[in-house]
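Asker: Below you'll find the structure I mean.
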Amino acid sequence: MKLEAVELIRLDVPLKSAFRTSEGSVSVHEVVWVHAITDVGEGWAECAANALPDYSSEYHTAAAGVLREFFIPEAMKLGNDLTAEAIAPALHWAKGHRMAKAALETAVLDAQLRASGMSFAAYLGATKTKVPAGVSVGIMDTLPELMKTVEGYLADGYLRIKLKIEPGWDYEPVKLVRETFGEDLLLQVDANTAYTRDDFDLLKRLDEFNLLLIEQPIEEEDILGHARLAEYIQTPVCLDESIVSAGVARDAIEIGATSIINIKPARVGGYIEAVKIHDVAQAAGIPVWCGGMLETGIGRAANLALAALPNFTLPGDTSASARYFETDTTEPFVLVDGHIDVPTGPGIGVDPIREVVDRFTVSTEWVK
């Protein structure tokens, strides 16, 4: 296979409502797509980098720049030896930029699998045809607003609720949701690094609510701090931003910093590395689940395939398209009895709807 050209597409996709975390609030999903043209066909991928370098050091304008200037030319140098499996080794010299690397690898892999007639799910090793869906609930202005939102998602059929938290928006919201909806509700919280080692007593107060987990409570580089927190509280500690590779996952597990891992393929450099993390965690008896980055259908399709692997035993953030968008860029993913079907077609199994993509496109550029 040979990479002939890549189209970088900037889109602004409106969200149904603003989504707020401890890092900030967004009402438009600003995103870069990678459209790879090869001699055997085309492939699509979504770069998960945010508009701002808030979740990580990456942001979409920089991702587009490093793809244009370095990563796409490097992939083109592979000539007829191009495969998705060759992308990571070819880009290993470049430090960081995992989301940009993931987007290029995924677009090439989509083209590769479409040409061979194989689905993403089959390639990754999926064992399920549908996956249980959870939903992420952002920080609200008021408790009544939160309750109305959670009630709506439970009525939709979501199997797990994740509450975003930050100092000042933690104990009372969690207490109210738990008391209102009962002990049987699968409930977890996500801090997005909003706390410090000085907040251990505050976080320990959440033990009384029998949470599934607390996700990334403190700074992502403080693996030892998470290990100490895990010893101090009863709620299982789950790492997200900290886990950037299979090697880091292995170390975090070994020192007791995490008993559950959130795998976001973009954060770790792509789906091939994501499977390696899945395997490391499975061997250690550590469950994993698939996180989300507000993906449109292009990114959601590939995430669903990953979430169908055997050690993804907890509902992930692979929500229905209607959770975030009035209009998705592909045929929408629909929640049925708390689950979403895994695409079975070649590659990621979905195609962009051209008129919708054109409506949301801000700019395009070709790298040849």
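The values are calculated or read from the model by the stated rules, or taken from the named source; none is laboratory data. All figures in this text were calculated on a predicted structure; none of them were measured in a lab. Every residue, glycine among them, receives a Cβ derived from its backbone with ideal geometry; neighbour counts consider all protein chains shown.
Asker: Being in a helix (DSSP H, G or I), acidic (D, E), in the same structural domain as E151 (by TED's automatic domain parsing) and touching a residue at least 24 places away in the same chain (Cβ under 8 Å): is that true of E183 here? If you could, list the steps in order and put the result at the bottom.
Answerer: Working: in a helix (DSSP H, G or I): no; acidic (D, E): yes; in the same structural domain as E151 (by TED's automatic domain parsing): yes; touching a residue at least 24 places away in the same chain (Cβ under 8 Å): yes.
Criteria not met by E183.
Asker: On to the next question. Does I165 qualify as being touching a Gly at 6+ places or on another chain (Cβ under 9 Å), at pLDDT 95 or above and not charged (D, E, K, R)?
Answerer: Working: touching a Gly at 6+ places or on another chain (Cβ under 9 Å): no; at pLDDT 95 or above: yes; not charged (D, E, K, R): yes.
When the stated conditions are applied, I165 does not pass them.
Asker: Output the number of residues of the range 157-191 satisfying the condition of being closer than 23 Å to I263 by Cα, buried (at least 21 other Cβ atoms within 10 Å of the Cβ) and of a type outside the set (G, A, S).
Answerer: Count: 11.
Asker: Right, next: Check K101, K95 and return the single one that is farther than 16 Å from V40 by Cβ, assigned to a loop (DSSP other than H, G, I, E, B) and of a type in the set (D, E, K, R).
Answerer: Working: K101 fails: assigned to a loop (DSSP other than H, G, I, E, B).
K95 is the lone residue from the list that is farther than 16 Å from V40 by Cβ, assigned to a loop (DSSP other than H, G, I, E, B) and of a type in the set (D, E, K, R).
Asker: Right, something else. Would you confirm whether or not the range 246-253 contains a residue that is assigned to a loop (DSSP other than H, G, I, E, B) and within 20 Å of G285 (Cβ to Cβ)?
Answerer: No, every residue in the range 246-253 fails to be assigned to a loop (DSSP other than H, G, I, E, B) and within 20 Å of G285 (Cβ to Cβ).
Asker: May I pose another question? Restricting attention to the range 276-301, and to residues there that are of a type in the set (A, V, I, L, M) and within 10 Å of the chain's Cα centre (by Cα), which single residue is surrounded by the fewest Cβ atoms within 10 Å (Cβ to Cβ)?
Answerer: Checked the range 276-301; the qualifying residue surrounded by the fewest Cβ atoms within 10 Å (Cβ to Cβ) is M293.
Asker: Can you tell me which residue among D251, D198, D207, D222 is free of Cβ contacts under 8 Å to residues at least 12 places away in the same chain, surrounded by fewer than 21 Cβ atoms within 10 Å (Cβ to Cβ) and not basic (K, R)?
Answerer: Working: D251 fails: free of Cβ contacts under 8 Å to residues at least 12 places away in the same chain; D207 fails: free of Cβ contacts under 8 Å to residues at least 12 places away in the same chain; D222 fails: free of Cβ contacts under 8 Å to residues at least 12 places away in the same chain.
When all the criteria are applied, what remains is D198.
Asker: Of everything in the range 14-50, what is surrounded by fewer than 21 Cβ atoms within 10 Å (Cβ to Cβ), at pLDDT 90 or above and closer than 24 Å to Y153 by Cα? Give them in sequence order.
Answerer: If the condition is that a residue be surrounded by fewer than 21 Cβ atoms within 10 Å (Cβ to Cβ), at pLDDT 90 or above and closer than 24 Å to Y153 by Cα, then P14, L15, V28 are the ones that fit.
Asker: Would you be able to tell me the number of residues in the range 106-130 that are part of a helix (DSSP H, G or I) and touching a strand residue (DSSP E or B) at 6+ places or on another chain (Cβ under 8 Å)? Reasoning before the result, please.
Answerer: We begin by selecting, within the range 106-130, every residue part of a helix (DSSP H, G or I); these are 106-116, 120-124.
Next, only the ones that are touching a strand residue (DSSP E or B) at 6+ places or on another chain (Cβ under 8 Å) stay: 106-115, 120.
Qualifying residue count for the region: 11.
Asker: When you go through W44, W33 one by one, which is the residue that is assigned by TED's automatic domain parsing to the domain that holds E105, in contact with a helix residue (DSSP H, G or I) (Cβ under 6 Å, 6 or more places away or on another chain), within 30 Å of S116 (Cα to Cα) and assigned to a strand (DSSP E or B)?
Answerer: W44
Asker: Being on the phi > 0 side of the Ramachandran plot and either surrounded by fewer than 13 Cβ atoms within 10 Å (Cβ to Cβ) or outside the structural domain of W33 (by TED's automatic domain parsing) (or both) is the filter here, so list the residues in the range 59-106 that pass it.
Answerer: Pass one, the range 59-106, residues on the phi > 0 side of the Ramachandran plot: 79, 96-97.
G79, the sole residue that qualifies.
Asker: Within the range 151-167, can one find any residue that is among the small types (G, A, S) and under 28 Å from I243 (Cβ atoms)?
Answerer: Looking for residues that are among the small types (G, A, S) and under 28 Å from I243 (Cβ atoms), one finds none in the range 151-167, hence no.
Asker: Only one of (1) of a type outside the set (G, A, S); (2) under 25 Å from the mean Cα position of the chain (by Cα); (3) surrounded by fewer than 15 Cβ atoms within 10 Å (Cβ to Cβ); (4) over 25 Å from D337 (Cβ atoms) fails for E151. Which number is that?
Answerer: In the conditions (1) of a type outside the set (G, A, S); (2) under 25 Å from the mean Cα position of the chain (by Cα); (3) surrounded by fewer than 15 Cβ atoms within 10 Å (Cβ to Cβ); (4) over 25 Å from D337 (Cβ atoms), E151 misses (4) alone.
Asker: For the range 131-148, which positions are in a helix (DSSP H, G or I) and loosely packed, with under 15 Cβ neighbours inside 10 Å?
Answerer: Listed by number, the residues that qualify are L143, P144, E145, K148.
Asker: Going by the structure shown, is V362 buried (at least 16 other Cβ atoms within 10 Å of the Cβ), assigned by TED's automatic domain parsing to the domain that holds A84, of a type outside the set (S, T, Y) and modelled with pLDDT of 95 or more? Outline the logic, then answer.
Answerer: Details: buried (at least 16 other Cβ atoms within 10 Å of the Cβ): no; assigned by TED's automatic domain parsing to the domain that holds A84: yes; of a type outside the set (S, T, Y): yes; modelled with pLDDT of 95 or more: yes.
No: the conditions fail for V362.
Asker: Six or more apart or on different chains, Cβ under 7 Å: which pairs go from a residue in the range 151-169 that's on the phi > 0 side of the Ramachandran plot to one that's modelled with pLDDT of 95 or more and of a type in the set (A, V, I, L, M)? Could you list them?
Answerer: From the range 151-169, the pairs are G157/L335.
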